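Read through the structure below, which is laid out as structure tokens, and then see the notes.
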Amino acid sequence: MSIDHCHLITFPKIHDPRGNLSFIEGGNHIPFEIKRIYYLYDVPGGADRGGHAHKKLQQVIIAMSGSFDVKLDDGNIKTTFHLNRSYYGLYIGNMIWREIDNFSSGSVCLVLASTVYKEDDYYRDYQKFLENVKNPKDRDVIDKG
Ligand code: TYD
């Protein structure tokens with residue numbers, strides 16, 4: 001998966017003086033079947049999350065509250081997204097190394113994921129990730145659509 005396939009998704013926003021409302025529909029706004037939702041919260045200042053890539057899993061990351069940086073690396077190209085609006089989701093395909101940092105106080109990072117949690121889907125060693133980018137062996141290549 002190339003970093004070019006990682007992109008922001010804009011969710012619908014219903015403006016209302018009483019408070020805005022956004023929604024996310026499976027099968028419509030998300031390019032995979034949602035199998036799991038998890039969230040990071042109570043993140044202490046200066047913490048780094050992520051530091052891994054997934055062999056098959058795809059995700060959409062949303063800054064539900066506050067802001068943080070998502071640093072992406074496909075083994076060739078690196079880029080950073082600053083997420084600070086709850087109506088944007090960042091799609092991240094498989095085989096993308098990600099690090100999340102610069103969390104604002106009280107921020108909440110919501111993740112929609114394409115599979116249930118499986119530790120054997122992770123690359124947690126950056127060198128092993130790079131080796132597999134150059135010489136793929138134990139991953140499926142997700143359709144580059
Ligand atoms: P990890 O994915 O490494 O978190 P992050 O990338 O945000 O730093 O997961 C942290 C720990 O939580 C790790 O021990 C695995 C566990 N975990 C689950 O048990 N279930 C889950 O759905 C997730 C995402 C993590």
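First compute the accessible area of the chain with a 1.4 Å probe, then give the percent of it belonging to carbon and sulfur atoms.
Summing carbon and sulfur atoms, their accessible area is 48 percent of the total for the chain.
Please list 3J(HN,Hα) in residue order for segment 88-98, calculated via the Karplus relation 6.51 cos²θ - 1.76 cosθ + 1.60 where θ = phi - 60°; whole Hz, with x for glycine and proline.
Whole-Hz 3J(HN,Hα) from phi for segment 88-98: 10, x, 9, 7, 10, x, 6, 6, 10, 6, 9.
Mind ranking 66-72, 80-86 by how tightly packed they are, going by the mean number of other C-beta atoms within 10 angstrom, highest first?
Per-residue Cβ counts within 10 Å, averaged per peptide and sorted highest first, yield 66-72, 80-86.
Assuming a ≥ b ≥ c are the square roots of the Cα gyration tensor eigenvalues, decide whether segment 60-106 counts as rounded (a/c under 1.5), prolate (otherwise, with a/b larger than b/c) or oblate.
Taking the square roots of the gyration eigenvalues as a ≥ b ≥ c, segment 60-106 is prolate.
Based on DSSP H runs of at least 4 residues, each adding -39500 (n - 2.57), what is the mean residue ellipticity at 222 nm of the chain after dividing by all its residues, to the nearest 500 deg cm²/dmol?
Dividing the helical sum by the residues of the chain leaves -2000 deg cm²/dmol.
Dividing the convex hull volume of the Cα atoms of the chain by its residue count, what figure in Å³ per residue is obtained? Before the final figure, lay out the partial values.
Values: hull volume 16.4 nm³, N = 145.
Convex hull of Cα atoms, per residue: 113 Å³.
Give me the number: length gained by fully extending Lys134 to Tyr87, i.e. 0.36 nm times residue separation minus the C-alpha to C-alpha distance, one decimal in nm.
13.4 nm
Mind giving me the nanometre distance, one decimal, between the label points for Asp69 and Val116, set 7 Å out from Cα along Cα→Cβ?
3.7
Lys pairs in the chain, Cα-Cα under 15 Å, at least 8 apart or on separate chains: how many?
Eligible lysine pairs with Cα atoms under 15 Å apart amount to 11.
For the residue pair His52 and Ile34, what label-to-label distance in nm results when each label sits 7 Å from Cα along the Cα-to-beta-carbon direction?
Result for the modelled spin labels: 2.1 nm.
First obtain the Kirkwood hydrodynamic radius of segment 33-98 from its Cα pairs, then insert it into the Stokes-Einstein equation at 10 °C and 1.306 mPa s, and state the resulting D in µm² per second as a whole number.
It diffuses with D of about 124 µm²/s by this estimate.
Starting from 0.36 nm per residue, how many nanometres of slack lie between Lys13 and Asp125 once their C-alpha separation is accounted for? Walk me through the intermediate numbers first.
On the way: separation 112, 0.36 × 112 = 40.32 nm, distance 3.88 nm.
Stretched out fully, the Lys13 to Asp125 stretch lengthens by 36.4 nm.
The values are calculated or read from the model by the stated rules, or taken from the named source; none is laboratory data. Predicted model only: the values in this text are computed from it and were never measured. Positions of Cβ are backbone-derived with ideal geometry, glycine not excepted, and every protein chain shown enters the neighbour counts. The area values use the complete protein model at the heavy-atom level, side chains included, leaving out ligands, DNA and RNA. Shrake-Rupley method; radii C 1.70, N 1.55, O 1.52, S 1.80 Å.
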